[in-house]
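Colleague: Starting off with a structure, shown below.
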Amino acid sequence: MCTDGVNRGQLQFLLEVAEEQTALVGGWMKELAHQAGHAGLAEDEIAAAAASLKAARRSLEDAVDAVKGAPASSGVEVTVV
């Protein structure tokens, strides 16, 4: 796949899956925060993790938009997020 370029459809699909998974984990973080609040444990750490997940989701959404909006002949470069 990488030696002859990037399959844009596959890249877009995988980015969308990663974004959806991040959204799912974000939902779990709300439940974790609720439970941690009742226990009085790790509230700050969970809030920081939730904020990081939210930022990651925004970045993945931006990446999907970039792939969708890129010209068909562009050389899309993939880097680790």
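Colleague: For segment 29-60, name all the residues that are part of a loop (DSSP other than H, G, I, E, B) and of a type in the set (A, V, I, L, M, F, W, C).
Modeller: If the condition is that a residue be part of a loop (DSSP other than H, G, I, E, B) and of a type in the set (A, V, I, L, M, F, W, C), then Leu41, Ala42 are the ones that fit.
Colleague: Exactly one of these conditions fails for Lys30: (1) at pLDDT below 95; (2) closer than 18 Å to Ala70 by Cβ. Give me its number.
Modeller: Condition not satisfied by Lys30: (2).
Colleague: If you don't mind, another one. Assess whether Glu31 counts as being free of Cβ contacts under 8 Å to residues at least 60 places away in the same chain and surrounded by 13 or more Cβ atoms within 10 Å (Cβ to Cβ). Please lay out each step first, then the result.
Modeller: Details: free of Cβ contacts under 8 Å to residues at least 60 places away in the same chain: yes; surrounded by 13 or more Cβ atoms within 10 Å (Cβ to Cβ): no.
Taking the combined requirement at face value, the residue does not satisfy it.
Colleague: Pick from Leu60, Leu24, Leu11, Leu15: which is among the hydrophobic types (A, V, I, L, M, F, W, C), under 16 Å from the mean Cα position of the chain (by Cα) and modelled with pLDDT under 95? Break it down stepwise before answering.
Modeller: Working: Leu60 fails: modelled with pLDDT under 95; Leu24 fails: modelled with pLDDT under 95; Leu15 fails: modelled with pLDDT under 95.
The conditions single out Leu11.
Colleague: Name the single residue that is surrounded by the fewest Cβ atoms within 10 Å (Cβ to Cβ) among those in segment 7-27 being touching a residue at least 24 places away in the same chain (Cβ under 8 Å) and within 11 Å of Leu60 (Cα to Cα).
Modeller: Step one: filter segment 7-27 for residues touching a residue at least 24 places away in the same chain (Cβ under 8 Å), giving 8, 11-12, 15-16, 18-19, 22-23, 25-26.
Checking the rest, the ones that are also within 11 Å of Leu60 (Cα to Cα) come to 12, 15-16, 18-19, 22-23.
Details: Gln12: 18, Leu15: 22, Glu16: 16, Ala18: 17, Glu19: 19, Thr22: 18, Ala23: 14.
Among those residues, the one meeting the criterion is Ala23.
Colleague: I would also like to ask the following. How many residues are of a type in the set (A, V, I, L, M) and surrounded by fewer than 15 Cβ atoms within 10 Å (Cβ to Cβ) when one looks only at segment 54-72? Working first, answer last.
Modeller: Residues of segment 54-72 that are of a type in the set (A, V, I, L, M), as a first pass: 55-56, 60, 63-64, 66-67, 70, 72.
From the residues that got through so far, the ones that are surrounded by fewer than 15 Cβ atoms within 10 Å (Cβ to Cβ) too are 55, 66, 70, 72.
Qualifying residue count for the region: 4.
The values are calculated or read from the model by the stated rules, or taken from the named source; none is laboratory data. Treat the numbers as computed from the prediction; the structure is a model and nothing was measured. Heads up, the Cβs are rebuilt from the backbone with ideal geometry, glycines too, and the neighbour counts pull from every protein chain shown.
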